[in-house]
1. Counting only residues that are polar (S, T, N, Q), in contact with a helix residue (DSSP H, G or I) (Cβ under 7 Å, 6 or more places away or on another chain) and surrounded by fewer than 24 Cβ atoms within 10 Å (Cβ to Cβ), how many does the range 113-169 have?
2. Report those helices (runs of 4 or more DSSP H) wholly inside the range 1-86 carrying at least 2 residues which are modelled with pLDDT under 95.
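The values are calculated or read from the model by the stated rules, or taken from the named source; none is laboratory data. Keep in mind that what you see is a predicted model, and the values were worked out from it rather than measured. Positions of Cβ are backbone-derived with ideal geometry, glycine not excepted, and every protein chain shown enters the neighbour counts.
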Amino acid sequence: DLAAAVQLDAHIVFAYSAMSAEQEILVLPDNTKAGQVAATHLHEIGRSRAVHITGPVDRGSAHVRADAFVTRAAELGMGLACSPIYGAWSRSWGIKTAERLLDEGVEFDAVFAANDRIAEGVHTVMLERGVRVPDDVAIMGYDNSHGGDVERSWLTTIDPHLLEIGRLGATRLLQAIDGAAEPRVDLVAPSLVSGQSTMGPALASHDMHQAAGPDSLREQLPS
């Protein structure tokens, strides 16, 4: 286990996430770059009051991405409708937060969601409330969970390149086994995957049926 590896002075390879140990070899998504890419894209398409809906407040990756998004937005002069909203990684969190934003009359024209599930929840609410996407509100996610599936490519997202993270992690592991690895951090740069949810044309309900399936348009929230 991890404790035994530390005691044996062994190198530990972490892919995608990290723990605290001096012997760590880390292969991580560049969350700073992801936040910057999101802010830059929304600014380039003319958005001026963005919202960032993210995951649990105790997750370091959520903070890194949020801080980078806020910082880059400020550098570009793009306004934010509110501070980043922390919660959960789920679609239901996207639904709940979007409903609250609309109910409270928050004026916003873009949402950067911390994963594609949150983004899908936000879009479901926009459809139900008659908010046009992307005309009134542009939505983008993170994860590229549709993986290039044409029928699910409606969502603009950021691809963290998980296959590359896994490949590089395996390479570092083999190097460690051979005694040729030293503690290091490799950051894998993300890339933007453009979709209708920010670039148009406007999305309709049938697009979501293609993306999520006819029985999953509306996820019920716990009472």
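1. Kept after step one, since they are polar (S, T, N, Q), are these residues of the range 113-169: 115, 124, 144-145, 153, 156-157.
This time we only want the ones that are in contact with a helix residue (DSSP H, G or I) (Cβ under 7 Å, 6 or more places away or on another chain), so: 124, 145, 156-157.
Imposing the further condition that a residue be surrounded by fewer than 24 Cβ atoms within 10 Å (Cβ to Cβ) reduces the set to 124, 145.
Adding up the residues that qualify gives 2.
2. Values: elements: 2-7, 31-44, 60-76.
Hits in the range 1-86: 2-7, 60-76.
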